[in-house]
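The values are calculated or read from the model by the stated rules, or taken from the named source; none is laboratory data. Owing to the predicted nature of the structure, the values given are computational and were not obtained by experimental measurement. Glycine also receives a Cβ, built like all others from the backbone with ideal geometry; neighbour counts cover every protein chain displayed. Ligands, DNA and RNA are excluded from the accessible area calculation, which covers all protein heavy atoms including side chains. Shrake-Rupley method; radii C 1.70, N 1.55, O 1.52, S 1.80 Å.
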Amino acid sequence: MKAGAMMPESTVFKGFGCSGGNTSPALEWSGAPAGTKSFAVTAYDPDAPTGSGWWHWTVVNLPPGTTSLPAGAGSAGGTLPAGAVQGRTDFGAPGYGGPCPPPGKPHHYVFTVWALKTPSLPVDANASGALVGFMLHANSLAHTSVTFLYGREK
């Protein structure tokens, strides 16, 4: 997928009125800064009508040699590198939760890769997006984002 593209149905949440495949998209990155000891990936919808956005995915403690995640890595039955931890999404469970905005205008889904100065963050599968975000900001060497779109008809 290219930045600004509509997310395919395979990535859309299954539930809340949506019937997608809930498969996390394939992601690739390069150019990590010197001193990177681990990576994290987050997916966030700033347009969600909550007052605080919506966390769709947090995965931390990816080894420093990681440069990609295949499609489905964060989904049920997906394979993440050893030691990786997925936090709780705003759907209430750990792992990837795809887009499923209310009908109307498309929402923005911001996927961010974080290069971290620590080999691991002390979080588990119950960690909220806000807690993971706090830890990421406190331990970030650099980060980069790509934004995709998804919307539903009324």
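Details
- Candidates THR89, THR36, THR50, filtered to the one that is touching a strand residue (DSSP E or B) at 6+ places or on another chain (Cβ under 6 Å), within 17 Å of GLY129 (Cα to Cα) and among the hydroxyl-bearing types (Ser, Thr, Tyr): THR89
- Here is the figure for segment 76-95: residues that are open to solvent by less than 60 Å² (accessible area, probe 1.4 Å), farther than 16 Å from ASP124 by Cβ and either touching a Pro at 6+ places or on another chain (Cβ under 7 Å) or modelled with pLDDT under 95 (or both) total 2.
- Test: residue in segment 14-26 that is out of contact with any helix residue (DSSP H, G or I) (no Cβ under 8 Å at 6 or more places or on another chain), open to solvent by 10 Å² or more (accessible area, probe 1.4 Å), within 23 Å of HIS143 (Cβ to Cβ) and touching a residue at least 24 places away in the same chain (Cβ under 8 Å): yes
- Residue match in segment 59-68 (condition: among the β-branched types (Val, Ile, Thr), part of a loop (DSSP other than H, G, I, E, B), at pLDDT 95 or above and open to solvent by 70 Å² or more (accessible area, probe 1.4 Å)): yes
- Screening segment 99-133 for residues that are touching a helix residue (DSSP H, G or I) at 6+ places or on another chain (Cβ under 9 Å) and of a type in the set (A, V, I, L, M, F, W, C) and picking the one that is nearest to HIS56 (Cα to Cα) gives ALA127.
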